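Encoded as structure tokens, the structure appears first; notes follow it.
We did not get these values from a lab; they are worked out from the coordinates using the rules stated. Keep in mind it's a predicted model, so treat the numbers as computed, not measured. Cβ placement follows ideal geometry from the backbone for every residue including glycine, while neighbour counts extend to all protein chains displayed.
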Protein chains: 2
Amino acid sequence: MTEIAFQPIGRRIAVQPGTTLLEAAQDAGVALSAVCGGVGVCGDCRVRVLQGRVSRLNDVERDHLTEAEQASGLRLACQTIVEAADAIVVDVPRESLSASQRSQVEGEELPLPVDPPIAVYDLAVTPPSVEDLRGDWERVRGIDPAQWQPTAPVLADLPTIARAHGWRVRMIAHGRRIAAFLPPDTEPLGFAVDVGTTGLAAYLVNLETGATLGIAGATNPQIAYGEDVMARLTFAARDRAGARRLQTAIVDGLNDLLHEVCRQGGVPPARVVEAVAVGNTAMHHLLLGLPTEQLGTAPYVPAVCAAMLTPARDLGLRLAPGALLYLPPNVAGFVGADHVAMLLATETAEQPGVTLALDIGTNTEISINAHGQLWSCSTASGPAFEGAHIRDGMRAADGAIERVIWQDGALHWLTINHAPPVGLCGSGILDAVAMLRAGGVISEMGAMSRNHPSVQGENHNLWYEIVPARRTGHGRAVGLSRADINEVQLAKAAIRAGIKLLTERAGLSESEIDRVIVSGAFGNYIDLENAIAIGMFPALPLERFRQVGNAAGIGAKRLLINAHERERAAALVARLRYIELTNHPDFTDRFSQAVKLTPDPWD
Amino acid sequence: MTEIAFQPIGRRIAVQPGTTLLEAAQDAGVALSAVCGGVGVCGDCRVRVLQGRVSRLNDVERDHLTEAEQASGLRLACQTIVEAADAIVVDVPRESLSASQRSQVEGEELPLPVDPPIAVYDLAVTPPSVEDLRGDWERVRGIDPAQWQPTAPVLADLPTIARAHGWRVRMIAHGRRIAAFLPPDTEPLGFAVDVGTTGLAAYLVNLETGATLGIAGATNPQIAYGEDVMARLTFAARDRAGARRLQTAIVDGLNDLLHEVCRQGGVPPARVVEAVAVGNTAMHHLLLGLPTEQLGTAPYVPAVCAAMLTPARDLGLRLAPGALLYLPPNVAGFVGADHVAMLLATETAEQPGVTLALDIGTNTEISINAHGQLWSCSTASGPAFEGAHIRDGMRAADGAIERVIWQDGALHWLTINHAPPVGLCGSGILDAVAMLRAGGVISEMGAMSRNHPSVQGENHNLWYEIVPARRTGHGRAVGLSRADINEVQLAKAAIRAGIKLLTERAGLSESEIDRVIVSGAFGNYIDLENAIAIGMFPALPLERFRQVGNAAGIGAKRLLINAHERERAAALVARLRYIELTNHPDFTDRFSQAVKLTPDPWD
């Protein structure tokens, strides 16, 4: 075994020779960026080997690293193989880490009565005596024990609690299933979580009052195995062990969040008697340990669409012994339970007139409610707005440029927490494209003019220098390339084409949309005027837009505290008509029009 | 950490200094005898330290070891503490190991139709297409998926099996709970196990035909934590970790047996869709992870008496993902589900006339069916017949004297597998007492005559040398002491007093008993004439006795293949009247009479 130390994080792990540094980093819990899943395509996983023997630089690395970078000792972790038993020390540059993004957990909450799916039974237990030698369970009063069937792990708490609390005990049940025995007068708690591809948001809720007792966010630890859904499906498809590692990673992440929200609330996790998780179909399947091969290959069907209600402990979630985990129904392979939760939270299906609801991500889910008729689609908008496939793209972390304006003939910028700039996050990328267009540096088709002094490079390699090397946090210039602009065009065209086709399917024009609900972290931060300017959204009056934050997480909370929301979710999915865009006859046409950087590409 | 190697077994473990050698042996899975649970009372855990530094011989050890034994390097593992980091080598003499006892798994089987609690559904799955993008589960035909609620681990097998088998799949359900998805035409299997305090017996059964596909026995691995029930309850009561270790030990043992019977049957354990376990109340609780403190302290009540039906995976049993484990009801703290299974297997409750049924062990459970009226009791017969608390007692392993006869004025003996004698197992102990009585060496009250040339020692330390040191396997003489005879008297008196009080409760005399059913490994091997001669059993004609072998295990199999047996179990327990002997007004009187070594102590 070879010991590897990752610096400056200070994580250590022992691995077999033959292991790549990326595999070692993943096992050590180092969140090294690996957008491509570790196949040498993205070139993100840059590290320096400070000590120890590893494989020589190979051609893949020479393709991704400049001569200067090679000279500085940079390597691609996915290509670098541990060769000998000598200890290895690896330096992980800041930009190679999937920076802990600003967790977006808050969102708009609409009022909802508390009516949880669990029931509380306050019971007494007759003390045993030589005249009454029945089991503890048989001596319970307040219910008829013969009518209930506790599982062993649930029943295990009864004897101890009853003896410690004067032969009183509280039983929590979901229907006929006993979730837990709790000490008397203990309020049952619930755990709601939004499992995003990149971020997790968790909420601890008092199921008697509906009060939120704790909120926490974190990066999805699966990110070490690929940044987008497809990279993770590829990793999971390699073998059963891969899928299990992804499941273990997300379950560990959720247990950490559970621990954190319970710490905030000052309560033990064993009091959490019910949980709700929402996520896209891939996250849903990976959390539940369902196979994903059929999700990743045509015709891209889920293992299950129906709502799931499954014992949380089976998955490794450390809640009360009989706690159930509810996941709302999936609509299709690429419209998941998180979109359903978002539609519930925003009451999209209950709105009068025409409402459009979007969840922007690598896949953007879009639904329309046109006078009570509901359609949904998913469109492959790509990871550009998450900073991937963008020259200097990054997640929304310290040092990310999140706002860009055009002033005095040049771009000006703001970073998160005013840290020295190291790259552009999604809102900054969108702003930069809109502003370069406004400043006339790029054309409607995205072509870059060479006339501006900040434009550098040649032919296909033109790029606009936003921050010169001397002013950045890592000593490399930050800019936006022609190729980056193209990525943004493809992303926004996918979204706009989806909107267009949904309104057409509803027999409407885009101008008839009464309100646009934009949810999610990226959607919450974007500048709507800029999004309209580049044609990502229809040119509607700004007051018709509502940026609602993490509506999926809020929807999860609603599904936790009110059982009728689960019926609403089932009814909603039954009403939703899914439109598959990949083989839609008009998609290519609408898409190719929508790449234009103009508010109305249909002109 | 200090590395310890146990020889000649070859197990190794690293421990912290301060650990005792017994704790190290237990953690290493070395089945060192420790009848007292490691508190320095039994003196069983003898080892030799061949290399390394450990604590000096203490007073407890000096009490248990002769000068010669001390000189030979013998130590008590429970008293010997690891002191330094140097590697330690420990020799474990054969007699210190809980020898793998003769596994007693076979028993008399009465005919029973196959009508298992699971149902088989042969399903088709509509292949997905661009016109049908529903989830795999929603495309299932043959049932209405909306009426079922698969758990995630169960559902996980559906997509793979359906795709591998031409979109056909077999669903196995217990009531409304789905146990597994199996490939089409795969017969579902069941696993039945008798969890004895000392031995485990396991059966693999085809649930369509009732055929037994595999049988295996093993020592209960919990034996490393104390040989009898009370020692284990003491270990479990120390802390939660102790209870968890006992649970892990038994679950690991059952998984090993599952693996073995599946190997015999040539089938994967994932095809096992239902399981049954029977055991005394303590084994039942330790397997299920239920607290045992209330079982070990007055008034000795179980956590639960009712039958349990609990997910097998929750306990760590590696069966099909949704397989349920059924355990029949317990009668009381010391009359457990194994006795219920035995009564079912022997159809004791259905017999005409008067039937007595016994399960002899550390606690002996006795039931009587007197013309349809049923009473049960448990009597503390102690571990003498398991070889514990007996000078040269041992389990039924190679070298154990299992038969003793009186011939030409002396005892003659036979060992298991004709190995050189090392001690006496239960049937040999019983024979030896009966034969010494027959030969006039001991009196009716158990007093030993000094006149026989084989009687050695003085006063209270008289003992009869059965095998001189030169002829034994370990170089020490094997004999039976006055104290051993006393232990046997206490054991048989407890059993006989229980029989007497049950018949009295039924308003009968012992001679009115029409049949006596003797179950269990010890009961199967004993010489009935000798058992009658010393007054353990009433002096009935031998043809009224039936030695049925492992009836508890056979009962477990019946509860597996026929759902009505579970109703019979519940009905039986409802009919059984439990008589607590510990505070019975006549118990002391009957017991003190029954210590006499005579067929009719009531004269």
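Some notes on this structure:
- Farthest towards the positive end of the charge dipole of the protein assembly as shown, among the residues A:Gly199, B:Ala236, B:Gly18, is the Cα of B:Gly18, using unit charges on the Cβ of Lys, Arg, Asp and Glu.
- Our Cα-only numbers for the range A:497-555 put the radius of gyration and Dmax at 12.0, 32 Å.
- Report summary: the helix-based calculation at 222 nm, which adds -39500 (n - 2.57) for every DSSP H run with n ≥ 4 and divides by the residues of chain A, gives -8000 deg cm²/dmol.
- Positive-end ranking of A:Leu155, A:Ala491, A:Pro127 along the dipole of the protein assembly as shown, with charges on Cβ about the Cα centre, is headed by A:Ala491.
- Annotation: amide H of B:Ala179 within the under-5 Å range of B:Ile172, B:Ala173, B:His174, sequence separation 5 or more or interchain, hydrogens built in the peptide plane.
- Average beta-carbon neighbours from other chains, 10 Å sphere, peptide A:326-337: 1
- Partner chain coverage, peptide A:294-304 - average Cβ within 10 angstrom: 6
- Projecting 7 Å from Cα along the Cα-to-Cβ direction, the label point of A:Asp27 sits 2.4 nm from its equivalents in the other copies, listed shortest first.
- Measuring nothing but how far apart in sequence close Cα pairs (under 8 Å, 6+ apart) lie, relative to its length, the range B:118-182 scores a relative contact order of 41 percent.
- Packing here is the average count of other Cβ atoms within 10 Å per residue, and on that basis the peptides A:381-389, A:183-191, highest first, run A:381-389, A:183-191.
- Each principal axis of chain B carries a Cα extent, and these read 98, 68, 43 Å when sorted largest first.
- Mean Cα-pair separation over length for the range A:384-487, i.e. relative contact order, pairs under 8 Å, 6 or more apart, %: 26 percent
- Cα gyration tensor shape of the range A:391-499, rounded if a/c is under 1.5, else prolate or oblate by comparing a/b with b/c: oblate
- What you get for the range B:439-595, charging only the Cβ of Lys and Arg (+1) and of Asp and Glu (-1), is a dipole of about 520 debye around the Cα centre.
- Stokes-Einstein D (µm²/s) once Rh is taken as the Kirkwood radius of the range A:50-194 over alpha-carbon pairs, at 4 °C in 1.567 mPa s: 60 µm²/s
- 10 Å binning of all Cα-Cα separations within the range A:118-182, expressed as whole percents from 0 upward: 22, 61, 16, 1
- The P(r) of the range A:189-327 has a tail past 18 Å containing 52 percent of all C-alpha pairs.
- Taking the C-alpha atoms only, the angle from helix B:229-238 to the longest principal axis of chain B is near 70 degrees.
- The range B:2-96: mean projected area of Cα convex hull, nm²: 5.2 nm²
- Debye, to nearest 20: dipole size of the protein assembly as shown, +1 on Lys, Arg Cβ, -1 on Asp, Glu Cβ: 780 debye
- Pairs of Lys residues in the protein assembly as shown are counted when their Cα atoms are under 25 angstrom apart and they lie 8 or more places apart or on different chains; the count is 6.
- Residues A:Glu567 and A:Asp63, FRET efficiency given R0 of 56 Å [Cβ-Cβ distance, rounded to 0.05]: 0.55
- DSSP bridge analysis restricted to the protein assembly as shown gives an antiparallel fraction near 70%, rounded to the nearest 5.
- Cα centroid separation, the range A:527-603 to the range A:420-484: 28 Å.
- Sorted from nearest, the other copies put their A:Glu444 label points 12.2 nm away, the label point being 7 Å from Cα in the direction of Cβ.
- Top positive-direction residue, dipole computed over chain A with Cβ charges, set A:Ala434, A:Ala506, A:Ala270: A:Ala270
- Prolate/oblate/rounded call for the range A:525-603, Cα gyration tensor, a/c under 1.5 rounded: oblate
- Dipole magnitude of chain B, debye to nearest 20 (Cβ charges: Lys/Arg +1, Asp/Glu -1, about Cα centre): 740 debye
- Debye-formula intensities of the range B:280-326, expressed as log10 I(q)/I(0) at q = 0.18 Å⁻¹, are -0.57 (one equal scatterer per alpha-carbon, no solvent).
- Placed amide H near A:Ala477: partners under 5 Å, 5+ positions off or other chain: A:Ala469
- Principal-axis tilt of helix A:482-505 within chain A, Cα atoms, nearest 10 degrees: 60 degrees
- Amide hydrogen proximity for A:Leu324: with H placed 1.01 Å from N in the peptide plane, the residues at 5 or more positions away or on another chain lying under 5 Å are A:Ala275, A:Ala312.
- Whole-number D in µm²/s for the range B:289-442 (Stokes-Einstein; Kirkwood sum over Cα pairs; 10 °C, 1.306 mPa s): 85 µm²/s
- log₁₀ of I(q)/I(0) at q = 0.04, 0.06, 0.08 Å⁻¹ - the protein assembly as shown, Debye sum with one point per alpha carbon: -0.30, -0.63, -0.96
- Normalised by the number of residues in chain A, the mean separation of alpha-carbon contacts (under 8 Å, six or more apart) gives a relative contact order of 13 percent.
- Gyration tensor (alpha-carbon) shape descriptor, the range A:469-603, a/c threshold 1.5: oblate
- For B:Ala483, inter-copy separations between label points set 7 Å beyond Cα along the Cβ vector come to 8.7 nm, shortest first.
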